[in-house]
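The values are calculated or read from the model by the stated rules, or taken from the named source; none is laboratory data. Nothing here was measured: the structure is a model prediction, and the numbers come from that model. When we count neighbours, we look across all protein chains shown, and the Cβ atoms used for this are built from the backbone with ideal geometry, even at glycine.
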Amino acid sequence: MPGRLPVVLVLVLPMACLAQATPLPPSVPAMPLDACRDAAAAAVPAPARDALPAIDGSGRQLLALRGYLRARDLEQRWSWSDARIEAYAGSPEQAAAHAAIGKVQDAFAQSNPGYRLHVNLQVRSLDEQLRKWNGNASVAAAAAALATAAEDACDPQEPDRFVAWLKAWRPPAAVNLATPGLSSHGQARAFDFQVMQDDTLVAGTDSGRRQQDWIDGGWGERLAAAVRASGEPFEGPLRSPDEPWHYAYAPSTEPESPPPASPQAPAVGDGT
């Protein structure tokens, strides 16, 4: 048996040498693009920064950061918390919004017998907006283009320059989704109308069918006519991206002024 010992040494020694020649690094350094992304994140308000970990991939994160950098009054526009959504449920504010939508639905049904408008009345939570962002095809395409361009633009030694570049970057094609947290649906200030015939969807919110259903089919103008006829405070439709079904709800925030009192008698309800 001792004659086999040199064979064993021949097999073991190269492995030992190999282990000494290629030691594993103690830690993996951050990629340069990560440093540039972190610099951009530091430049946005806390609510937006806190949403980033829930966004899939650096490309989508950078695209969201671009939206946050460009947004005015971000914290005022930020989607409601769960507690605020709960407080909205059953409130006079919600009742007024639903009544306004009902008037549009009534005007539409009167002008288009056999058809009706369906509206999702739920406030779109931040979690729902993040889910849509992570699964939207137009977001994925823009994120891929941005990630590629950012690799060349990123210089960790000049973070301010990268932040300015990111804010100014333009996607090659329109993204048909609001940046998570900035959708007006998140404060019940926008509603999407869909045309139904009985239980069949005639014109929905699929951007791929916008031209066919809403423009060529004429439903965009019919909806606009119903909105005008309702007399309710809706603005739209949304032009960028082009969504004929999307209307902003803009109720007056100023209380109505009481009628002037008659100089001969006290105003009604004032007493004496």
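Structural remarks
- Segment 74-88, residues that are touching a Leu at 6+ places or on another chain (Cβ under 8 Å) and part of a helix (DSSP H, G or I): LEU74, ARG77
- The single condition from (1) surrounded by fewer than 17 Cβ atoms within 10 Å (Cβ to Cβ); (2) in contact (Cβ under 8 Å) with a residue 24 or more places away in the chain that ASP216 fails is (2).
- Condition check for ARG84 on (1) within 18 Å of LEU182 (Cβ to Cβ); (2) in contact (Cβ under 8 Å) with a residue 40 or more places away in the chain: one failure, at (2).
- SER138 passes every criterion in (1) of a type outside the set (Asp, Glu); (2) in a helix (DSSP H, G or I); (3) more than 20 Å from the chain's Cα centre (by Cα); (4) under 23 Å from GLY220 (Cα atoms) apart from (3).
- Failed item, numbered, when GLU243 is tested on (1) at pLDDT below 95; (2) surrounded by 10 or more Cβ atoms within 10 Å (Cβ to Cβ); (3) among the charged types (D, E, K, R): (1)
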